[in-house]
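**Q** The structure follows.
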Amino acid sequence: MTFKSGFVAILGRPNVGKSTFLNHVMGQKIAIMSDKAQTTRNKIMGIYTTDKEQIVFIDTPGIHKPKTALGDFMVESAYSTLREVDTVLFMVPADEARGKGDDMIMERLKAAKVPVILVVNKIDKVHPDQLLAQIDDFRQQMDFKEIVPISALQGNNVSHLIDILSENLEEGFQYFPADQITDHPERFLVSEMIREKVLMLTREEIPHSVAVVVDSMKRDEETDKIHIRATIMVERDSQKGIIIGKGGSMLKKVGSMARRDIELMLGDKVFLETWVKVKKNWRDKKLDLADFGYNKKEY
Ligand SMILES: Nc1nc2c(ncn2[C@@H]2O[C@H](COP(=O)(O)OP(=O)(O)OP(=O)(O)O)[C@@H](O)[C@H]2O)c(=O)[nH]1
Ligand SMILES: [Mg+2]
């Protein structure tokens with residue numbers, strides 16, 4: 001039997017459910033998710049391997065009109081996948097009408113000449129009639145290889161989409177070992193899990209202003225726990241106050257929620273220490289961006 005493999009990018013506007021889909025396929029949290037737009041900031045691989053195939057999914061930052069250097073990095077890293085993949089999953093939500101953002105993305109997809117599957121997500125939120133109207137509208141905009149409605153949250157029809165991808169795979173290498181699930185090191189996943197809790201617990205401009213850096217991560221022989229030190233970067237003093245909270249209550253909540261997720265991921269006991277630092281306007285400073293993991297060289 002021949003082995004098949006391929007690379008598949010997941011593209012779309014922010015908040016449509018790309019990371020939720022990736023995590024559902026992988027059966028574990030690789031990419032953080034939130035109800036805030038622009039949650040994902042880096043490309044993240046989810047490597048799906050069976051005994052006959054390997055599908056390398058690439059989750060991408062939601063494509064939007066960038067207003068900062070970080071935004072530029074995010075959008076460019078999303079589009080950069082068009083040069084790397086065999087198939088694109090273009091994800092749109094069933095419950096929002098097509099907008100300028102979708103049209104802009106479709107222009108790029110048409111130019112890239114890569115097969116595109118339209119994935120209409122969040123079908124659990126709409127009446128079937130609305131879903132049909134949505135499909136009809138998108139079908140007239142460009143030539144999709146397939147159109148697949150799913151609910152990434154509930155898992156409806158996700159296995160059907162995997163079947164379609166499998167059928168279209170070509171003979172190829174197993175690029176990654178069968179037990180490897182992503183391309184990012186544990187440190188990255190740890191910092192993301194902390195950022196996810198900040199996104200979950202804060203509002204307005206804070207989610208966009210936060211970056212998390214893991215300063216150190218090593219086993220403490222005495223306690224037999226993984227000792228992690230991490231810094232949460234914000235852009236203003238007022239934001240630092242919010243993240244710390246009254247008597248440190250917010251930081252404590254972020255820390256204990258993140259610790260639970262990190263322990264689950266590492267399968268080990270964790271001692272997590274977090275600090276908050278202000279770095280004025282880091283989202284527009286090239287050096288800070290690189291320091292916080294948003295480095296152009298990485299795509
Ligand atoms: N009802 C419903 N909600 C969904 C579904 N898929 C995702 N969501 C929700 O949509 C929100 C955004 O999900 P994400 O997976 O973070 O979206 P994303 O496309 O990765 O967003 P960015 O990283 O910002 O581009 C979260 O609140 C999810 O719970 C779905 O199938 N149904
Ligand atoms: Mg995402």
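Values quoted throughout were computed directly from the atomic coordinates according to the rules given, and no laboratory measurement underlies them. Note that the structure is a prediction, hence the values are computed from the model and not measured. Glycine gets a Cβ as well: all are built from the backbone with ideal geometry, and neighbour counts include every protein chain shown.
**Q** Does residue 117 qualify as being crowded, with 19+ Cβ neighbours inside 10 Å, within 15 Å of ligand 1 (Cβ to nearest atom) and β-branched (Val, Ile, Thr)?
**A** no
**Q** Let me ask something else about it. List the residue pairs whose Cβ atoms are under 6 Å apart, where the first residue sits in segment 235-264 and is farther than 15 Å from residue 202 by Cα, the second is outside any helix (DSSP H, G or I), and the two are 6 or more positions apart or on different chains.
**A** Listed pairs, sorted by first residue: 237/278; 259/270; 259/272; 262/270; 263/270.
**Q** Within segment 20-27, is there a residue that is away from ligand 2 (no atom under 16 Å from the Cβ) and not acidic (Asp, Glu)?
**A** yes
**Q** On to the next question. With (1) in a loop (DSSP other than H, G, I, E, B); (2) over 11 Å from the mean Cα position of the chain (by Cα); (3) over 24 Å from residue 170 (Cα atoms); (4) not small (Gly, Ala, Ser) as the list, and residue 76 as the residue in question, which single condition is left unmet?
**A** (1)
**Q** Output the residue which, of all residues in segment 45-63 that are within 17 Å of residue 83 (Cβ to Cβ), within 12 Å of the chain's Cα centre (by Cα) and not in a loop (DSSP other than H, G, I, E, B), is farthest from ligand 1 (Cβ to nearest atom).
**A** 45
**Q** Still on this structure: Could you list all residues from segment 185-209 that are buried (at least 17 other Cβ atoms within 10 Å of the Cβ) and assigned to a loop (DSSP other than H, G, I, E, B)?
**A** 202 - this is the single residue of segment 185-209 that is buried (at least 17 other Cβ atoms within 10 Å of the Cβ) and assigned to a loop (DSSP other than H, G, I, E, B).
**Q** Mind checking whether some residue in segment 233-252 is surrounded by 13 or more Cβ atoms within 10 Å (Cβ to Cβ), small (Gly, Ala, Ser) and under 24 Å from residue 182 (Cα atoms)?
**A** no
**Q** Could you tell me which of the residues 41, 98 is within 11 Å of ligand 1 (Cβ to nearest atom) and in a loop (DSSP other than H, G, I, E, B)?
**A** 41
**Q** Right, here's the next one. Mind checking which pairs have a first residue in segment 211-223 that is within 16 Å of residue 185 (Cα to Cα) and a second that is among the small types (Gly, Ala, Ser) and in a loop (DSSP other than H, G, I, E, B), Cβ under 8 Å, 6 or more apart or different chains?
**A** Taking only residues 6 or more apart or on different chains, the pairs are 213/293.
**Q** When you scan segment 14-36, how many residues do you find that are aliphatic (A, V, I, L, M) and near ligand 1 (Cβ under 6 Å from one of its atoms)?
**A** Number of matching residues: 2.
**Q** What about residue 35, is it touching a residue at least 12 places away in the same chain (Cβ under 8 Å), away from ligand 2 (no atom under 16 Å from the Cβ) and not in a strand (DSSP E or B)?
**A** No: the conditions fail for residue 35.
**Q** Filter segment 160-193 down to the residues that are in contact with a helix residue (DSSP H, G or I) (Cβ under 9 Å, 6 or more places away or on another chain) and more than 16 Å from ligand 2 (Cβ to nearest atom), then identify the one that is nearest to residue 278 (Cα to Cα).
**A** Only one residue tops the list, namely 190.
**Q** Against the definition (in contact with a Phe, Trp or Tyr (Cβ under 8 Å, 6 or more places away or on another chain), in contact (Cβ under 8 Å) with a residue 40 or more places away in the chain, within 16 Å of ligand 1 (Cβ to nearest atom) and at negative phi), how does residue 91 come out, yes or no?
**A** Spelling it out, residue 91 is indeed in contact with a Phe, Trp or Tyr (Cβ under 8 Å, 6 or more places away or on another chain), in contact (Cβ under 8 Å) with a residue 40 or more places away in the chain, within 16 Å of ligand 1 (Cβ to nearest atom) and at negative phi.
**Q** Can you confirm whether residue 76 is over 24 Å from residue 167 (Cβ atoms) and surrounded by fewer than 22 Cβ atoms within 10 Å (Cβ to Cβ)?
**A** So residue 76 passes the test.
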